[in-house]
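Taking it in order: structure first as C-alpha cells, then the write-up.
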Amino acid sequence: MSVALRSYGLLFRWQLLRMRRQIPLLVVIQLALALGVVYGLAFLLPNIDSRSALFLATGAPTLTLLLLGLTAVPQEVSQAKLSGRQAYLETFPVPRLAGPAAEVSFWLVVQLPGTFLALLVAAARFDFALRPNAAVVPAFVLVALCGATLGYAIAMVARPETAQQIASFISIGILLFSPINFPIDRLPGFLAAIHRVLPITYMADLTRWSLTGHAEENVALAFAVVLAWCAAGIAISWRVAVRRG
Amino acid sequence: MLLQIDHLTKIYRNGTRANDDVSLAVDAGEVFGLLGPNGAGKTTLVGQVLGSLVPSSGTLTIEGVDVVARPSYARAACSYQPQTSVPIDGLTPREAIEIAGRIRGGDRETVRRRGAGLIEALDLGEWASKLVPLSGGVARLVAFCMAAVVPGRIVVLDEPTNDVDPLRRKLLWELVRALADGGSAVLLVTHNVLEAERCVDRLAILGSGRVLASGTAASLKTPLGGMLRLQLVLEPGASMPEHPTFLRQHSVAGRRVVGEMVAGDASSAIAWATGLRERRVVEEFSIGPATLEDVYVKEMAEAR
C-alpha cells in the first residue's frame, strides 16, 4: 500500500473516531434537510407543474451536497485551525493533501443517506420515476467533491472567524438565490449572469441530467465547469497546504 | 551530527528577529535542552526543525539532508509534542496514541505493544480507554506518548512536564532518557531549569533569539566554579535582614532569598544563617553548589 493511501486511510479513521458520537446527529440533520427541501420548498408553489416538480425533486440532493461541502466543511476546518488540530496534523509525515482528502471524504459519506432519502421522497412526492444513467455516480462524486474542496479552500485561505461568516453567507446564497430548485430563466439578468460563471447551476444540471436524462444545458459544458471549479479548489488547498511561514 | 543548525536567522514579515545567528548541533542518543524565557525564540527554532517555518538565512540539516529544501524529510525524521495541548477530542488516549504511531509508520502490533507500555509506565491506565475530558497534565502525558510511541530520529518535546504531577513527572523524565538511550536525539524545550539540569546531556540558553550560552550543565557552571549558593526561607512576616559582606549578590522572591558566595565563606554563612534561625527571622536555610538556575539567571541578567 502506498504511503499516500495508508496516510489517507489512517487520517480518515482518525476523523471517524473523532466524530463517531456526532455522526447519528449529523445524519439526522442531513435527512431533515433533505425532507425539508422536498416538502418545505414545495409549499412555496401552490401549483406545481411537471417542470417545477422536476427541479424540486432533483435539486434536493444537489442542495444537501452543496450545503454540506460549502458550509459544514469550512466551519469544521476553521474549528480545526482554532483548536490547533490543523497545525498539529501538519507535523505528521503524511502527503499534504491526505488530511484534506480524509476530511472531505468523511463529509461526503455523512451526507449519503440524506441524498438518497431526498431522491426517494421526491420521487414519491411528485410521482415521477427516476431514470439514473451510467454517469450518476461520477456526476454525484464530482458535485460533492467540488463543493467540499471549494469549502476546504475557503477555510484554508480565510481566517477562521471570517471563513465561518463566509460559509453562512454562501448558504443563504445557495438556498435562496441559486437556480437549483428552479430554472435559471426565473432569475433576473445580473444574477443569471453571475450563475453562468459560478458552478452551482451546472452542478444542479449535472445531477438532474444524471438522474432523469433531462438536460436544460449542455451537459459537457456543465461537466467541464464543475471540473474546473473542483480543480481550482484542490489547487488552492494544495497551495495553502504546502505554504510555510 | 544528527541535527546540525548553522547561523540560523529567522525574521518574520513584521520585522521580528525571532532567531539570530543560532548555531547548535545535537547527536543521536543525546538529550539536548533548549532553555529560555518566553519570546526567546525557542518555538520558532522548533518550527524550523520541524519544517513548518522557513529560515531567513542559515542552514539546517538532519542526517546531512537540507530540510529547508526538503521539509518532508524533517516531518519524517521528527516526532513532536507541541507546547499547546494536542486536540484528541473524541478519541480515547489509547486510540490517539495508537493512531499517531500508525501514522508515523509503525505496524499495528508494535504500536499496540509500545502504546500499552507507555500507558503503563506513566500510570495512565485509569484513563486509557475512556472517552472523557482529560485534565491538563494527563492530556500532556498522552501527547508525549503520541510523540514517543514510534519515536522519530529526533524527538522534539516542547514543555513536556507542564501541569504534570510530581510523581508522573519523574516517570516522564525516565522515559525521555530512555528515548535517547534508544538512539533518538531528544530536543527538549523547557522553562524548568532545575529539572532540565537532571535530564539533559547538553543545553543551550536562548535569549532574544540568540544563543547566550551552550554546553554541558557542568561546563556552563564553570564560571561560577567555587561559588556556593545560599538559600534562606524567611519566617512569615519577617523582613530581609541586612546582608553580610560575604553574600555577593542576592535576590528576593517572596519569602525566598538566594545569594552567592565563595566557598571560603561557608562557615561564616552557616553561623550567620543559624543565628537568624535562632532569632526566628529565618525558617530554614541551605547551602550548596551553584545550579544551572544560577547560570540561567546570570545569563539573562547579562543579556538585559
Going residue by residue through the stretch B:20-42, is there one that turns out to be within 11 Å of chain A (Cβ to nearest Cβ) and open to solvent by 10 Å² or more (accessible area, probe 1.4 Å)? no
Check residue B:18 against each of (1) of a type outside the set (D, E, K, R); (2) in contact with a Cys (Cβ under 6 Å, 6 or more places away or on another chain); (3) in a strand (DSSP E or B) and name the one condition it does not meet. (2)
Residue that is nearest to residue B:84 (Cα to Cα), among those in the stretch A:72-90 that are surrounded by fewer than 22 Cβ atoms within 10 Å (Cβ to Cβ) and more than 14 Å from chain B (Cβ to nearest Cβ): A:75
In the stretch B:211-252, which residues are in contact with a Gly (Cβ under 8 Å, 6 or more places away or on another chain) and basic (Lys, Arg)? B:229, B:248
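Taking the stated definitions as given, is residue A:16 open to solvent by 50 Å² or more (accessible area, probe 1.4 Å), in contact (Cβ under 8 Å) with a residue 60 or more places away in the chain and either more than 12 Å from residue A:114 (Cα to Cα) or not in a helix (DSSP H, G or I) (or both)? Don't jump to the end; show me each part of the working.
On the way: open to solvent by 50 Å² or more (accessible area, probe 1.4 Å): yes; in contact (Cβ under 8 Å) with a residue 60 or more places away in the chain: yes; either more than 12 Å from residue A:114 (Cα to Cα) or not in a helix (DSSP H, G or I) (or both): yes.
Yes: the conditions hold for residue A:16.
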Enumeration of residues in the stretch B:259-293 that are open to solvent by 30 Å² or more (accessible area, probe 1.4 Å) and either charged (D, E, K, R) or in contact with a His (Cβ under 8 Å, 6 or more places away or on another chain) (or both): B:260, B:265, B:277, B:278, B:279, B:280, B:283, B:284, B:293
Result of the Cβ filter at 9 Å on the stretch A:68-89, keeping first residues that are within 28 Å of residue A:31 (Cβ to Cβ) and in contact (Cβ under 8 Å) with a residue 60 or more places away in the chain and partners that are of a type in the set (Lys, Arg) and open to solvent by less than 40 Å² (accessible area, probe 1.4 Å), at least 6 apart or interchain, is A:79/A:85
Candidates B:95, B:126 - the one that is at pLDDT below 95 and either buried (at least 23 other Cβ atoms within 10 Å of the Cβ) or over 28 Å from residue B:2 (Cβ atoms) (or both): B:126
Can you confirm whether the stretch B:183-190 contains a residue that is surrounded by fewer than 18 Cβ atoms within 10 Å (Cβ to Cβ) and free of Cβ contacts under 8 Å to residues at least 60 places away in the same chain? no
Say whether the condition of being over 25 Å from the mean Cα position of the chain (by Cα), surrounded by 12 or more Cβ atoms within 10 Å (Cβ to Cβ) and in a strand (DSSP E or B) is met by at least one residue in the stretch B:236-246. no
Looking only at the stretch B:53-72, count every residue that is surrounded by fewer than 18 Cβ atoms within 10 Å (Cβ to Cβ) and either facing another protein chain (nearest Cβ under 9 Å) or among the aromatic types (Phe, Trp, Tyr) (or both) and tell me the total. 2
Against the conditions (1) within 18 Å of residue B:87 (Cα to Cα); (2) surrounded by 23 or more Cβ atoms within 10 Å (Cβ to Cβ); (3) polar (S, T, N, Q); (4) within 12 Å of another protein chain (Cβ to nearest Cβ), where does residue A:22 fall short? Just the number, please. (2)
Which of the following residues is aliphatic (A, V, I, L, M), assigned to a loop (DSSP other than H, G, I, E, B) and under 19 Å from the mean Cα position of the chain (by Cα): A:180, A:174? A:180
Single unsatisfied condition, residue B:121 versus (1) more than 13 Å from chain A (Cβ to nearest Cβ); (2) under 24 Å from residue A:4 (Cα atoms); (3) under 26 Å from the mean Cα position of the chain (by Cα): (2)
For the stretch A:115-124, give me the residue count where each residue is open to solvent by 50 Å² or more (accessible area, probe 1.4 Å) and not hydrophobic (A, V, I, L, M, F, W, C). 0
Quick check on the stretch A:100-114. Is at least one of its residues among the acidic types (Asp, Glu) and either more than 14 Å from the chain's Cα centre (by Cα) or surrounded by fewer than 22 Cβ atoms within 10 Å (Cβ to Cβ) (or both)? no
Those residues of the stretch B:79-115 which are polar (S, T, N, Q) and more than 8 Å from every other protein chain (Cβ to nearest Cβ), in sequence order: B:79, B:81, B:83, B:92, B:110
With the requirement that a residue be surrounded by fewer than 14 Cβ atoms within 10 Å (Cβ to Cβ) and touching a residue at least 40 places away in the same chain (Cβ under 8 Å), what does the stretch B:134-166 give you? B:136
If you check every pair at least six apart or on different chains, which have Cβ atoms under 6 Å apart with a residue in the stretch B:68-88 that is within 16 Å of residue B:155 (Cα to Cα) and outside any loop (DSSP other than H, G, I, E, B) first and a residue that is at pLDDT 95 or above and of a type in the set (Phe, Trp, Tyr) second? B:81/B:144
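In the stretch A:204-218, which residues are within 16 Å of residue A:146 (Cα to Cα) and of a type in the set (A, V, I, L, M)? So that I can check it myself, show each step before the final result.
Step one: of the stretch A:204-218, the residues within 16 Å of residue A:146 (Cα to Cα) are A:204-207.
Matches in the stretch A:204-218: A:204, A:206.
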Give the residues of the stretch B:206-232 that are closer than 23 Å to residue B:251 by Cβ and buried (at least 18 other Cβ atoms within 10 Å of the Cβ), sorted by residue number. B:206, B:207, B:212, B:213, B:217, B:220, B:221, B:228, B:230, B:232
Run down A:47, A:133 and say which single residue is touching a Gly at 6+ places or on another chain (Cβ under 8 Å), not hydroxyl-bearing (Ser, Thr, Tyr) and not in a helix (DSSP H, G or I). A:133
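The values are calculated or read from the model by the stated rules, or taken from the named source; none is laboratory data. From a predicted model like this one, the values you see are computed outputs, not experimental measurements. As a convention, Cβ positions derive from the backbone with ideal geometry for all residues, glycine included, and neighbour counts pool all protein chains shown. Accessible surface is based on the protein model in full, side chains and every heavy atom, while ligands, DNA and RNA are left aside. Shrake-Rupley method; radii C 1.70, N 1.55, O 1.52, S 1.80 Å.
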